[in-house]
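The values are calculated or read from the model by the stated rules, or taken from the named source; none is laboratory data. Everything quoted here is computed from the prediction, not taken from an experiment. Glycine also receives a Cβ, built like all others from the backbone with ideal geometry; neighbour counts cover every protein chain displayed. When the accessible area is computed, the model is the full protein with side chains, heavy atoms only, and any ligands, DNA or RNA have been set aside. Shrake-Rupley method; radii C 1.70, N 1.55, O 1.52, S 1.80 Å.
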Amino acid sequence: MSAVTKAAPSHGKLDIKFRNVRGKTSLVDCYQQPPLKASRALYIEGTRKATVYLMESSGGLVAGDRNDFTVELEENTEVVLKPQSATKVYPAFNNQPSEQTITIHIGENSHLEWNRDEIIPFERAKFNGKSRVQMTNSSSLLWNEIIYSGREKRGEKFAFQECNTHLEVWMEAECVVYDSLKLHPKEQELQQLSVLEDFNYIGNLWFICSEASKVDSTEFQKLLVQTENHKSGISTLDGKGILVRWLSNNLPLIKREMETLDMHLLTK
Amino acid sequence: MKKQSVDSSSPLNTEGINTNFLYLMHIHDSAFPIGSYTQSFGMETYIQSDDILTKQKLFSFLKAYVSENLLFTDAIFVKEAYEHFQNDDWNAIVRLENICDASKNATETREASKMMGKQFLRGILPVFPDEGLTKWKAALDNGQVKGHFPIVYSLYTLKMAFDLFTTILTYLYSSTISLVHNGVRAIPLGQKAGIEIIHKLIPEIIEAAKKAMNLNLDDLSNHAVGLEIASMQHAYLHSRLFIS
């Protein structure tokens, strides 16, 4: 798709709702407005989870485009949402930012996996992403995300104008996650010690659950490779969650480690 | 805070100078321990990995600490808290404090901020039994708030009638300078190097405080990801001089 030939900005919408119908998680409501689309619920053998692929038919966000996701999990449901591809953010040629909002509600005894949000801001792109999750003490959330510094194969590195992401998670009335990243390469000195250093990728794995204190983070630490080109840290969020954060130049390794940790967390 | 009067060049003329400033100096000197000398907020990880070994490296690290970390995190909490306390908006304060806690991703850094806030309160309350601080202590005791330092700092400076700019400026100054002291001790560097670094940092601190005056909660940003990871890794270092 050519970014420049695209006419009016698009406004994609996807509202999906899950319900436990006779012991099975079903996709009971799906409103979709192009370019966003959801697959039907798929059931992978051996799991009770409903897996839904999130599709974006336009190929990426062009200046002024906006995508809004609303996800509701009623009580006793288990859902895996898989964006089919990374979100590509094209140049903001008219200086208009591209926006993405994700609003999630997770009911009692329900579990959601968002696997995975990947943002690739192209040269001169402007991106604003806001994700908000409201959950209960008995629900759980697994959220994986990777932010790219650009299209690495084209040698783009922090050539975008702005990339703003924000994730907040509220467990009942308590804020458990409030994480904003505002990357403005022209105004900030991102590539220095203590900031983003010489790394091209930021990875985040959030596991939020009131029983997260049972997870042994020392055991996790042993599963993570630390090299000059790839590092990570683990943090426990006051017993209500785990964050693993990466700075890396090795994208396949981040993905591999995320998958390993996801598996460990989900089999606990 | 009032500005010094025109003829304040005479050291004998104290008229117009907010003499309360001495109280502010006191809470930042070593006779008022809030535990900052035991915290490195992740810096020690970089010292041990040999990334900060010289005067120049320590200066660059702290310059980034002020302009890419503190400015987008604690400076915003100090400012927002000051304004909410000024408006006496208790619900907004409690929400802000909760967000402050949640936004500090690295466990040790989050704990350090709480510990310093609690120690500050423990030190100041007996000598300054202000109503607002007493209410804050009660909220801390009943679990309504966690006690983060940037929030209670604003409460104190507001009660002492210091203006918002002075509040942000002195918060940034004390947070940065304690890391200079700790860096000088841990690397180690000489005292002269420390003085030189502080003098070079002061313009950076002033610049950051000016910028902070125009920021709000929407500008919050944890983009000092390297420091955050360093703080997370700190718990796994073999030997440590600092708690964080």
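Can you tell me which residue within region A:231-242, out of those that are of a type outside the set (A, V, I, L, M, F, W, C) and more than 19 Å from residue A:173 (Cα to Cα), is surrounded by the fewest Cβ atoms within 10 Å (Cβ to Cβ)?
Checking each candidate, the answer is A:236.
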**OP:** Quickly run through region A:247-262 and pick out the residues that are more than 8 Å from every other protein chain (Cβ to nearest Cβ), open to solvent by less than 10 Å² (accessible area, probe 1.4 Å) and either under 17 Å from residue A:120 (Cα atoms) or in contact with a helix residue (DSSP H, G or I) (Cβ under 6 Å, 6 or more places away or on another chain) (or both).
**Re:** A:248, A:254
Original post:
Scanning for something open to solvent by 20 Å² or more (accessible area, probe 1.4 Å) and either within 14 Å of chain A (Cβ to nearest Cβ) or in contact (Cβ under 8 Å) with a residue 40 or more places away in the chain (or both), does region B:95-103 turn up at least one residue?
Top reply: yes
Original post:
Can you name every residue in region B:103-138 that is of a type in the set (Asp, Glu) and either in contact with a His (Cβ under 7 Å, 6 or more places away or on another chain) or over 18 Å from residue B:84 (Cβ atoms) (or both)?
Top reply: B:108, B:111
Original post:
Looking only at region A:233-250, which residues are in a strand (DSSP E or B), closer than 15 Å to residue B:110 by Cα and in contact (Cβ under 8 Å) with a residue 24 or more places away in the chain?
Top reply: A:236, A:241, A:242, A:243
**OP:** Sort out which residues of region B:138-195 are within 18 Å of the chain's Cα centre (by Cα) and basic (Lys, Arg), and write them in order of number.
**Re:** B:146, B:159
**OP:** Check off (1) assigned to a strand (DSSP E or B); (2) touching a Pro at 6+ places or on another chain (Cβ under 9 Å) for residue A:27 and give me the number that stays unchecked.
**Re:** (2)
Subject >> Residue ID - nearest to residue B:157 (Cα to Cα), chosen from residues in region B:38-53 that are crowded, with 19+ Cβ neighbours inside 10 Å and within 11 Å of chain A (Cβ to nearest Cβ) >> reply: B:41
Subject >> Subset of region A:104-120 that is polar (S, T, N, Q) and surrounded by fewer than 20 Cβ atoms within 10 Å (Cβ to Cβ) - its residue that is modelled with the highest pLDDT >> reply: A:109
Subject >> region A:85-100, residues that are under 30 Å from residue A:172 (Cα atoms) and either among the charged types (D, E, K, R) or open to solvent by 30 Å² or more (accessible area, probe 1.4 Å) (or both) >> reply: A:99
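Tell me yes or no: at least one residue of region B:198-206 is over 17 Å from the mean Cα position of the chain (by Cα) and either among the acidic types (Asp, Glu) or more than 7 Å from every other protein chain (Cβ to nearest Cβ) (or both). Give the derivation first.
First, the residues of region B:198-206 that are over 17 Å from the mean Cα position of the chain (by Cα): B:199-200.
Remaining after also requiring either among the acidic types (Asp, Glu) or more than 7 Å from every other protein chain (Cβ to nearest Cβ) (or both): B:199-200.
Taking every residue of region B:198-206 in turn, at least one turns out to be over 17 Å from the mean Cα position of the chain (by Cα) and either among the acidic types (Asp, Glu) or more than 7 Å from every other protein chain (Cβ to nearest Cβ) (or both).
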Original post:
Pairs, please: C-beta under 6 Å, at least 6 apart or cross-chain, first residue buried (at least 18 other Cβ atoms within 10 Å of the Cβ) and in region B:136-147, second small (Gly, Ala, Ser) and part of a loop (DSSP other than H, G, I, E, B)?
Top reply: B:140/B:147
**OP:** Examine region B:152-159 for a residue that is under 28 Å from residue B:231 (Cα atoms), open to solvent by 10 Å² or more (accessible area, probe 1.4 Å) and modelled with pLDDT of 95 or more, and state whether such a residue exists.
**Re:** no
Original post:
Just wondering, is there one or more residues in region A:134-157 that are within 12 Å of chain B (Cβ to nearest Cβ) and surrounded by fewer than 21 Cβ atoms within 10 Å (Cβ to Cβ)?
Top reply: no
Subject >> Among (1) without any contact (Cβ under 8 Å) to a residue 40 or more places away in the chain; (2) open to solvent by 30 Å² or more (accessible area, probe 1.4 Å); (3) hydroxyl-bearing (Ser, Thr, Tyr), the one test that residue B:113 misses >> reply: (2)
**OP:** Please list, ordered by first then second residue, the pairs with beta carbon atoms under 9 Å, 6 or more apart or interchain, first in region B:54-72 and at the interface with chain A (Cβ under 9 Å from one of its Cβ atoms) and touching a residue at least 12 places away in the same chain (Cβ under 8 Å), second of a type in the set (Phe, Trp, Tyr) and part of a helix (DSSP H, G or I).
**Re:** B:61/B:46
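Quick one: in region A:201-230, of everything that is small (Gly, Ala, Ser) and either touching a helix residue (DSSP H, G or I) at 6+ places or on another chain (Cβ under 8 Å) or buried (at least 17 other Cβ atoms within 10 Å of the Cβ) (or both), which residue is nearest to residue A:173 (Cα to Cα)? Steps first, please.
Step one: of region A:201-230, the residues small (Gly, Ala, Ser) are A:203, A:210, A:212-213, A:217.
This time we only want the ones that are either touching a helix residue (DSSP H, G or I) at 6+ places or on another chain (Cβ under 8 Å) or buried (at least 17 other Cβ atoms within 10 Å of the Cβ) (or both), so: A:203, A:210, A:212, A:217.
Values: A:203: 27, A:210: 13, A:212: 18, A:217: 26 Å.
For region A:201-230, the residue satisfying everything is A:210.
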Original post:
Just wondering, is there one or more residues in region B:173-183 that are touching a Cys at 6+ places or on another chain (Cβ under 9 Å) and either at pLDDT below 95 or β-branched (Val, Ile, Thr) (or both)?
Top reply: no
**OP:** Inspect region A:201-217 for any residue being within 9 Å of chain B (Cβ to nearest Cβ), within 28 Å of residue B:61 (Cα to Cα) and assigned to a loop (DSSP other than H, G, I, E, B) and give the result as yes or no.
**Re:** no
Original post:
residue A:47: of a type in the set (Val, Ile, Thr) and part of a strand (DSSP E or B), yes or no?
Top reply: no
**OP:** Tell me which residues, restricted to region A:163-191, are within 7 Å of chain B (Cβ to nearest Cβ), open to solvent by 30 Å² or more (accessible area, probe 1.4 Å) and in contact with a Cys (Cβ under 9 Å, 6 or more places away or on another chain).
**Re:** A:182
